[in-house]
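Some notes on the structure that comes next.
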Amino acid sequence: MTDNARSLASKATELLRLHQAPEILQVINVWDAITAKVVGDVPGTRALATASHSIAASRGYEDGENIPVDEMIAAVGLIVAATSLPVSADLEAGYGNPGETVRKAIGAGAVGANIEDQMRPLADAVAQMRAAMRAAEAEGIDFVLNARSDAFLRAGDRDPAAVLADAIERGRAFLDVGATNVFVPGLLDEATVSALVDGIGWNKVSVINVPGSLAPAKLQELGVARISYGPWTQRVALTALADAAAELLAGGALPDGTRALN
């Protein structure tokens with residue numbers, strides 16, 4: 001085994017351990033090499049996750065697989081190269097070929113991925129997750145699949161109980177084909193998170209935190225395995241940039257405490 005292969009395998013095993021540990025894992029989403037370096041250097045950071053929305057936006061594309069897959073994979077590779085930490089890649093729905101896209105992501109150094117079901121028919125969604133895991137297994141690493149169900153994002157005016165039942169059914173099915181965790185994004189209240197954990201499994205549910213979400217300590221208490229932040233980290237950075245630009249154009253100064261982090 002080469003040094004690169006050993007390093008990849010070690011990072012994969014560590015990312016899997018972090019997802020299985022009793023302490024909740026927070027992954028701060030990054031979108032390029034400098035954000036990976038800055039966040040990776042923050043004490044307490046144990047792993048990184050990319051945000052497909054943020055990567056696409058930084059390159060002039062709308063979210064939703066509008067960025068060419070090879071451009072997305074190249075961005076993942078730059079992020080991996082900027083940090084020694086394990087990196088999980090947001091691969092949307094797999095760009096038409098989840099298995100091949102996961103294979104490419106592993107080739108770029110990623111040791112985990114998000115794959116979205118986009119509320120496709122259950123059999124099709126399960127096939128996506130199975131293909132992703134088979135590709136990862138062929139690479140011989142402890143790959144972390146954070147299988148995403150869009151049940152709440154695409155709920156519309158459906159009965160909330162039916163939406164919850166869908167998320168649980170899909171989550172169990174994704175775990176059955178090898179997914180490590182089930183990612184259920186949305187602004188979820190305590191009762192909903194608790195029901196998801198009860199239905200899918202303790203330490204098996206991933207969530208996104210957005211303004212108004214439950215605190216990490218409460219999510220850990222409820223049995224959630226992982227928190228990510230999606231495009232919100234980029235929005236934080238862009239808000240700071242817009243505010244600084246407005247201040248400068250109004251005759252002001254750079255914000256106090258600004259640091260050279262690159």
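When each of E65, E23 is tested for being under 21 Å from S206 (Cβ atoms), part of a loop (DSSP other than H, G, I, E, B) and either touching a Phe, Trp or Tyr at 6+ places or on another chain (Cβ under 6 Å) or at pLDDT below 95 (or both), the lone residue that passes is E65.
When G77, G109 are screened for being in contact with a helix residue (DSSP H, G or I) (Cβ under 8 Å, 6 or more places away or on another chain) and not aliphatic (A, V, I, L, M), only G109 passes. Which ones in the stretch 115-132 are of a type outside the set (D, E, K, R) and either touching a helix residue (DSSP H, G or I) at 6+ places or on another chain (Cβ under 8 Å) or at positive phi (or both)? Within the stretch 115-132, I115, Q118, M119, L122, A125, V126, Q128, M129, A131, A132 qualify.
Restricted to the stretch 146-160, and to residues there that are more than 13 Å from Q118 (Cα to Cα) and not small (G, A, S), the residue that is surrounded by the most Cβ atoms within 10 Å (Cβ to Cβ) is N146.
For the stretch 204-228, the set of residues classified as touching a residue at least 60 places away in the same chain (Cβ under 8 Å) and either part of a helix (DSSP H, G or I) or touching a His at 6+ places or on another chain (Cβ under 9 Å) (or both) consists of S206, P216, L219, Q220, A225, R226, listed by residue number. Across the stretch 21-35, not a single residue is classified as over 14 Å from the mean Cα position of the chain (by Cα), surrounded by fewer than 23 Cβ atoms within 10 Å (Cβ to Cβ), closer than 21 Å to S149 by Cα and not hydrophobic (A, V, I, L, M, F, W, C). Would you say S58 is polar (S, T, N, Q), out of contact with any helix residue (DSSP H, G or I) (no Cβ under 8 Å at 6 or more places or on another chain) and either surrounded by 14 or more Cβ atoms within 10 Å (Cβ to Cβ) or more than 26 Å from G178 (Cα to Cα) (or both)? Against the criterion (polar (S, T, N, Q), out of contact with any helix residue (DSSP H, G or I) (no Cβ under 8 Å at 6 or more places or on another chain) and either surrounded by 14 or more Cβ atoms within 10 Å (Cβ to Cβ) or more than 26 Å from G178 (Cα to Cα) (or both)), S58 does not qualify.
Residues in the stretch 161-203 that are part of a helix (DSSP H, G or I) and among the charged types (D, E, K, R) were compared, and the one that is surrounded by the most Cβ atoms within 10 Å (Cβ to Cβ) is R170. For the stretch 106-118, a residue qualifies if it is of a type in the set (G, A, S) and in contact with a Ser or Thr (Cβ under 9 Å, 6 or more places away or on another chain), and the qualifying residues are G109, A110, G112, A113.
The values are calculated or read from the model by the stated rules, or taken from the named source; none is laboratory data. Please read all numbers here as calculations on a predicted model, not as lab measurements. Neighbour counts run over all protein chains shown; Cβ positions are idealised from the backbone, glycine included.
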